[in-house]
Amino acid sequence: MSDGATGSLYAIDSSSLMDWQARHYPADIFPGVVDRMDELVGEGRLLAPALVREEVEKVGTSGLTAWMRSHAGIFIRTGDLMERAQMIQGQFPGLLDPKSEYEEADAYVIALAQAENGTVVTEETPASQKRNPRRTHFIPDVCRDLGVPCINLLGLMRREGWRF
């Protein structure tokens, strides 16, 4: 159970959702993570832009897409974040993947955290930690430059004081 001490709002990226259920903490092995994520949702502290849902639906596990369907209320309409996200994309054009065929959620995740004084949760690493980055900026780079807190899923668990 979350200690709720921080009261932080988390804007979660598709990378963290996918890593949660597909790689690091699958629900069949770590049901407690599902319970804790459900608590965050119930407290209104876990949100994501609708574009995150679209990204995950393309490549996510059936368990994750089912979880998302049952928690549809966490997804914020793209239009509600568009102005702020476009400002971020304009300021950091290197955030966009030049090979992407679709609109990406990254700027919207940051915009959501910024608008709600929240924290971004992503598994992305800064460009400086990559060998041959495809672009100049990743979510942690932009968060750093804008002063938006940014952590990964394990950081969220630590911040919330979760124990399993």
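Okay, here's what the table says:
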{"read-out": "Filter result for Arg77 (under 16 Å from the mean Cα position of the chain (by Cα), open to solvent by 70 Å² or more (accessible area, probe 1.4 Å) and without any contact (Cβ under 8 Å) to a residue 60 or more places away in the chain)", "value": "yes"}
{"read-out": "Filter result for Leu40 (under 15 Å from the mean Cα position of the chain (by Cα), under 16 Å from Met157 (Cβ atoms), at pLDDT 90 or above and not basic (Lys, Arg))", "value": "yes"}
{"read-out": "Count - residues of segment 48-62 that are small (Gly, Ala, Ser), over 18 Å from Asp80 (Cβ atoms) and open to solvent by less than 90 Å² (accessible area, probe 1.4 Å)", "value": "1"}
{"read-out": "Conditions (1) under 20 Å from Asp141 (Cβ atoms); (2) surrounded by fewer than 20 Cβ atoms within 10 Å (Cβ to Cβ): number failed by Phe92", "value": "(2)"}
{"read-out": "Odd one out for Asp13, checked against (1) open to solvent by 20 Å² or more (accessible area, probe 1.4 Å); (2) in contact (Cβ under 8 Å) with a residue 60 or more places away in the chain", "value": "(1)"}
{"read-out": "Criterion: in contact with a helix residue (DSSP H, G or I) (Cβ under 8 Å, 6 or more places away or on another chain) and either closer than 28 Å to Val41 by Cβ or of a type outside the set (Ser, Thr, Tyr) (or both) - qualifying residue of Glu123, Glu116", "value": "Glu123"}
{"read-out": "Subset of segment 139-153 [in contact (Cβ under 8 Å) with a residue 24 or more places away in the chain and either out of contact with any Leu (no Cβ under 7 Å at 6 or more places or on another chain) or loosely packed, with under 15 Cβ neighbours inside 10 Å (or both)]", "value": "Ile139, Asp141, Cys143, Asp145, Leu146, Val148, Pro149, Cys150, Ile151, Asn152, Leu153"}
{"read-out": "Tally of residues being in contact with a Lys or Arg (Cβ under 8 Å, 6 or more places away or on another chain), open to solvent by less than 50 Å² (accessible area, probe 1.4 Å) and not in a helix (DSSP H, G or I) across segment 120-137", "value": "1"}
{"read-out": "Looking only at segment 122-164, and only at residues there that are of a type in the set (S, T, N, Q) and at pLDDT below 95, the one that is nearest to the chain's Cα centre (by Cα)", "value": "Thr125"}
{"read-out": "Given (1) assigned to a loop (DSSP other than H, G, I, E, B); (2) under 22 Å from Gly155 (Cβ atoms); (3) polar (S, T, N, Q), index of the condition Ser100 fails", "value": "(2)"}
{"read-out": "Residue list for segment 138-161, filter: in a loop (DSSP other than H, G, I, E, B) and either within 19 Å of Ile88 (Cα to Cα) or touching a Gly at 6+ places or on another chain (Cβ under 8 Å) (or both)", "value": "Phe138, Gly147, Val148, Pro149"}
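Okay, residues lined up against (1) at pLDDT 95 or above; (2) under 26 Å from Asp145 (Cβ atoms); (3) in contact with an Asp or Glu (Cβ under 6 Å, 6 or more places away or on another chain); (4) of a type in the set (A, V, I, L, M, F, W, C):
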site: Asp3; (1), (2), (3), (4): no, no, no, no
site: Tyr25; (1), (2), (3), (4): no, no, no, no
site: Ala66; (1), (2), (3), (4): no, no, no, yes
site: Asp80; (1), (2), (3), (4): no, yes, no, no
site: Tyr102; (1), (2), (3), (4): no, yes, no, no
site: Leu112; (1), (2), (3), (4): yes, yes, no, yes
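The values are calculated or read from the model by the stated rules, or taken from the named source; none is laboratory data. Predicted model, so just to flag it, every value in this text is computed and none were measured. Please note: Cβ atoms are built from the backbone with ideal geometry, for glycine as well, and neighbour counts cover all protein chains shown. The protein model used for the area step is the full one, side chains on, heavy atoms only, and it has no ligands, DNA or RNA in it. Shrake-Rupley method; radii C 1.70, N 1.55, O 1.52, S 1.80 Å.
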